[in-house]
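Read the structure below first, then the notes.
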Amino acid sequence: GVLWFANIYPTKMFQFDMRGVFTHHNHETLIPKLLPKGVEISKMVPREREGGAFVYFRAPPSFVLQVLLSCKDAKVRERRFVPKGDLDILSKVSDGICQYLKTHDVRAFLVPLPVRAYRVKGDPYLEELQSRFPTSRMKLRVEPPGALSEEDLYPMLRKYGVLLDIVKLDDGKGFAVSYQYTAAAVAARNCLHRATVPSSAADQGETEARLKIEFEPFMRKWIADAITSNARYSVPLIVFVMLGTTYLVCDPLRVFSSQFRIAQGLGEEPRSSAPGGGGGGG
């Protein structure tokens, strides 16, 4: 099985975020301690920019037997071998790990939010594009369009964190989803991207729907919208900031250049323009 462990690293918000230097090995020191005894880790894929890691694991037969014995269903508990499809062992192991982390306040170094684990149901897109950073807003495309409604998406998305809004896109082919925290949006994208879910449009012959999720560059879009929508105020403000920056940079150079030329003509060392920069004695 595959789990997404969130809040293992601080989520990278910009290019020169240096916190990753101190948290590079968080997944190696923390994740093995969070898995139940008997579960074996096949490999870990750290995603420092997104603040978490994919963990590929397997449950040996001895651990599966423990899960069966702890099952509340007496009929399942009495059987040593369970036919395929009668009981989702992988789901029970994943749910057990997720519930453990929800009841234990485990926090990684330099990460303010507690560690959480989610089962990966789709096929994550492991890109390394340096200009893209996680945000709390994402675009969720549904294939075929109209196969899912807002009511269908809400219970799927709510388990990853607090939702702020779900708005249908203008083209009608998906939804714009906003979370309260970036970590929740990252978990939803990594667990549900390219996942196949039951469709609510069964009466139209569509029995399944496929999800495609991508982050929306919220800050860049917000700044662009703020400038274009409020040009009456933003343009003078930008001009004022540019002129102020020019003054702050060039004025000290102008003063120093003037002092240097005067001092050079008098054969003296140029004095500092700062107050109390030294006074001559009689």
Worksheet item: Ordered by residue, what ³J(HN,Hα) values in Hz, to whole numbers, does segment 170-181 give under the Karplus form 6.51 cos²θ - 1.76 cosθ + 1.60, where θ = phi - 60° and Gly and Pro are x?
Response: 4, 7, x, 9, x, 9, 9, 10, 10, 9, 6, 10
Worksheet item: Ordered by packing density, taken as the mean number of other Cβ atoms within 10 Å over each peptide's residues, highest first, how do 123-131, 251-259, 48-56 rank?
Response: 48-56, 251-259, 123-131
Worksheet item: Which far-off residues, 5 or more places away or on another chain, put their amide H under 5 Å from the one on Ser199, with H placed in the peptide plane?
Response: Glu208, Ala209
Response to the item:
Answer in debye to the nearest 20: the dipole magnitude of segment 119-219 about its Cα centre, from +1 Lys/Arg and -1 Asp/Glu charges placed on Cβ, is 360 debye
Item to complete: Give the peptides 57-63, 230-236 in descending order of average Cβ contacts within 10 Å, highest first.
Response: 57-63, 230-236
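We did not get these values from a lab; they are worked out from the coordinates using the rules stated. No experiment lies behind these values; they were computed from the predicted model shown. A quick note on method: Cβ atoms are made from the backbone with ideal geometry, for glycine too, and the neighbour counts reach across all protein chains shown.
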